[in-house]
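Written out below as structure tokens is the structure these notes cover.
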Amino acid sequence: MNKKILVIFMILLSLMIISNVVAIGVSPGKIQVNYDVENGYNQNFSILAKSNSPTDSYIEVEPSRELAEYITVSDEKIFLPARGVARVNFSLNIPPHADFVGLKEAHIGIYEALPEEGDFLAIRTAVKMRLIVDFPYTGEYVQINNFNIKGVNSGENTEVNWKATSKGLENTKVNSKLMIENEYGEKIYEKSWPQKTLAPKEVYAVQETLETNQYVAGKYKAKLEVKYSDITREKETEFQIGQENINLINHSPKNFSYGTLNEIELEFENNWNGAYNNVYADIKIHNVTAKTSSFNLKPFGKAKVKQFLDTRTLENGTYPVKITAYFGENTANFEIPMEIIKPIEEKESNLTIIIVAVVLIIIIILVVLILIKKKSKKANQRIQSEKQKKTTKTTKTKK
């Protein structure tokens with residue numbers, strides 16, 4: 001009864017706490033700006049705080065992270081109407097020649113203001129807006145922003161896309177090169193672009209067609225090298241030339257238990273740049289058959305499916321599990337080994353019981369011997385005490 005009361009009390013307490021929580025959102029969630037070394041950065045910002053609460057509330061604004069000291073908030077405490085919005089104004093003022101490089105952040109924290117009195121327990125919700133400042137590097141510095149090659153089907157051309165940005169303060173001469181390897185690590189393609197001089201903050205963007213007529217279906221690894229001065233920047237990506245089939249890439253468990261129903265999980269991978277819907281598989285182990293539920297495979301995607309098999313009639317041993325997958329107008333056949341393992345035999349179990357019983361008997365005997373020894377010691381101590389008392393009385397009588 002006491003447990004039920006405690007559970008009810010905890011539920012009511014949780015509801016009371018949740019009812020006092022103000023759900024806060026912020027828009028936008030992120031702002032990114034570029035820093036000018038010579039002029040610094042001075043800018044006013046305005047963001048919106050949103051409430052999903054049915055009651056009015058107040059919010060508090062507090063900056064944090066490495067650029068927090070350069071943030072000035074107009075109002076530290078702001079009224080937020082029920083299911084409404086409130087404007088949060090602040091400014092970012094960074095002097096020229098600040099000692100920062102790369103991406104640095106300030107977080108504008110918007111917190112629910114705690115009640116000054118009345119409530120004895122409350123949860124304070126919070127949300128943060130990220131203000132990111134991109135500081136240039138001294139000297140020469142080039143960064144690879146992105147690099148990708150789109151997966152296509154066999155016989156189709158694909159596109160190479162990459163972008164690099166000069167983030168230094170000096171003009172930079174850039175040499176770039178693309179290398180492609182097949183799944184065996186063999187280089188099958190290489191291309192170098194003409195040298196290009198990038199001004200500070202200039203973006204170097206490349207978008208070119210890559211002919212894949214000579215490529216066999218499979219997975220490929222591409223590496224982009226961008227060199228300037230004595231520095232080499234690298235970025236890797238993978239792409240796939242598809243063919244119309246699927247693979248069984250994993251299964252679990254690796255063995256079945258004897259004399260019971262067993263569940264098997266199969267994972268398939270789509271090697272085609274196109275979706276397959278209503279895929280299913282037939283499973284056969286000896287004379288036991290089953291059909292999985294249907295599932296979908298996204299382009300170059302993976303999917304898992306589970307199915308129970310009634311293997312209670314099968315003896316222990318290793319069996320071939322034959323799997324036929326049906327996708328679109330095609331089928332794919334797979335075979336995996338599956339061992340059915342019997343539990344430990346009864347003799348071994350009995351031997352274990354006997355060993356445990358012997359150990360327990362030995363422990364009991366030791367405990368009994370210890371108790372007897374303690375009892376005997378107490379008896380001897382009592383006899384010695386009585387003898388000492390008699391000796392004392394005899395001495396007093398003689399006197």
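Just a few scattered comments:
- For region 198-206, 3J(HN,Hα) per residue [Karplus equation, 6.51 cos²θ - 1.76 cosθ + 1.60, θ = phi - 60°, Hz, x = Gly/Pro]: 9, 7, x, 6, 6, 9, 9, 10, 10
- Charged side chains reduced to their Cβ positions (Lys and Arg at +1, Asp and Glu at -1) give region 192-254 a dipole of some 220 debye around its Cα centre.
- Set Lys128/Lys227; Lys128/Lys304; Lys223/Lys302; Lys304/Lys342; Lys50/Lys298; Lys221/Lys304 screened for pairs whose C-alpha atoms are more than 32 Å apart: Lys128/Lys227; Lys128/Lys304; Lys50/Lys298
- Bridgeable aspartates and glutamates around Lys163 (alpha carbons under 14 Å apart, same-chain partners fewer than 8 residues away excluded): Glu202, Glu208, Glu225, Glu234, Glu236.
- Panel order for Leu371, Leu131, Leu178, by other beta carbons found within 10 Å of each beta carbon, from fewest to most: Leu371, Leu178, Leu131.
- Derived scalar couplings ³J(HN,Hα) [region 327-333; Karplus, 6.51 cos²θ - 1.76 cosθ + 1.60; whole Hz; x for Gly, Pro]: 9, x, 9, 10, 10, 9, 10
- Stokes-Einstein D (µm²/s) once Rh is taken as the Kirkwood radius of region 142-242 over alpha-carbon pairs, at 4 °C in 1.567 mPa s: 91
- Ranking of Phe268, Phe100, Phe256 by count of other Cβ atoms within 10 Å, fewest first: Phe100, Phe256, Phe268
- Going from the fewest other Cβ atoms within 10 Å to the most, the residues Phe90, Phe45 appear in the order Phe45, Phe90.
- Net +/- balance of residues flanking Thr138 in space, Cβ distance below 12 Å, scoring K and R +1, D and E -1: -2
- Put simply, the Cα atoms of region 204-339 extend 71, 36, 22 Å along their principal axes, the longest span coming first.
- Using the Cβ-Cβ distance between Leu114 and Gln43 with R0 set to 25 Å, the FRET efficiency works out to roughly 0.20.
- Distance from the alpha carbon centroid of region 278-304 to that of region 38-61 works out to 52 angstrom.
- Simple point charges give the picture: +1 on the Cβ of Lys and Arg, -1 on the Cβ of Asp and Glu, and for region 169-299 a dipole about the Cα centre of about 220 debye.
- Taking the average, over residues, of other Cβ atoms within 10 Å as the packing measure, peptides 101-107, 219-225 rank 219-225, 101-107 from highest down.
- Under Stokes-Einstein, with the Kirkwood radius over Cα pairs as Rh, the value for region 216-259 at 25 °C and 0.890 mPa s is 163 µm²/s.
- Label zone (Glu190, point 7 Å along Cα-to-C-beta; backbone nitrogen cut-off 19 Å) within region 145-182: 175-182.
Quick note: the coordinates plus some simple rules give every number you see, no bench work behind them. These numbers were taken from a predicted model, which means no experiment stands behind them. Virtual Cβ from ideal backbone geometry, glycine too; neighbours counted across all protein chains shown.
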